[in-house]
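The values are calculated or read from the model by the stated rules, or taken from the named source; none is laboratory data. Just so it is clear, the model here is predicted, and its values are computed rather than measured. For neighbour counting, all protein chains shown are included, and Cβ atoms are generated from backbone atoms with ideal geometry for every residue, glycine included. Ligands, DNA and RNA are excluded from the accessible area calculation, which covers all protein heavy atoms including side chains. Shrake-Rupley method; radii C 1.70, N 1.55, O 1.52, S 1.80 Å.
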Amino acid sequence: MDRRAFEGRCPRCKAGALFAGPVKFADRCENCGLDYTTFNVGDGPAAFLTMIVGAVVVALALWVQLAFEPPWWVHVILWLPLILLGVVGGLRLAKGWLLTTEYNRSAEEHRIDGSGPQ
Ligand SMILES: [Zn+2]
């Protein structure tokens with residue numbers, strides 16, 4: 001697996017940043033000019049990661065509640081940052097991996113006129 005996929009770096013030059021915001025792709029690589037808008041990783045990673053992070057956090061919250069019976073604010077302090085870090089961090093990893101995989105495999109959307117890759 002290509003390490004660049006998880007570093008948030010341009011799949012072509014390995015130097016430019018992939019992201020302009022926490023989970024938003026930049027329009028293009030500031031180093032080599034690769035146009036990131038031609039790639040389409042879709043919304044699949046967001047729903048999938050939210051369900052995974054949600055299941056892990058609920059399981060941990062139930063365990064902490066049953067084992068320690070802490071006051072409610074302990075749950076807020078523990079789980080809100082974990083949810084944010086899990087979803088945002090996971091999205092950056094998943095979106096970076098998907099875009100790099102699309103680049104490496106020259107994946108494109110299907111064109112109805114047949115001009116795309118066969
Ligand atoms: Zn680049």
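Accessible surface of the chain, 1.4 Å probe: 65 percent of it comes from carbon and sulfur atoms. Given a 10 angstrom Cα cut-off, can you work out which residue in Ala46, Ala59, Ala26 is the most mobile in a GNM of the chain? Per the Cα network of the chain with a 10 Å cutoff, Ala59 tops the list. By its C-alpha gyration tensor, with a ≥ b ≥ c as the square roots of the eigenvalues, how is the chain shaped: rounded for a/c under 1.5, else prolate for a/b larger than b/c, else oblate? Cα axes put the chain in the prolate bin.
In a simple Cβ point-charge model (Lys, Arg +1; Asp, Glu -1; nothing else charged), the chain has a dipole of about 320 debye relative to its Cα centre. Per-residue ellipticity at 222 nm from helix content only, as computed over the chain with -39500 (n - 2.57) for each DSSP H run of at least four residues, stands at -18000 deg cm²/dmol. Taking a ≥ b ≥ c as the square roots of the eigenvalues of the Cα gyration tensor, an a/c ratio of 1.5 or more together with a/b no larger than b/c marks region 54-93 as oblate. Taking all protein chains into account, the per residue accessible area for the chain stands at 68 Å² (1.4 Å probe). Select from Gly54, Gly42, Thr100 the residue farthest towards the positive end of the dipole of region 3-104; place +1 on Cβ of Lys and Arg, -1 on Cβ of Asp and Glu, and compute about the Cα centre. Sorting the options by dipole projection puts first Thr100. Legend note: in the chain, no cysteine has its Cβ 4.7 Å or more from every other cysteine Cβ.
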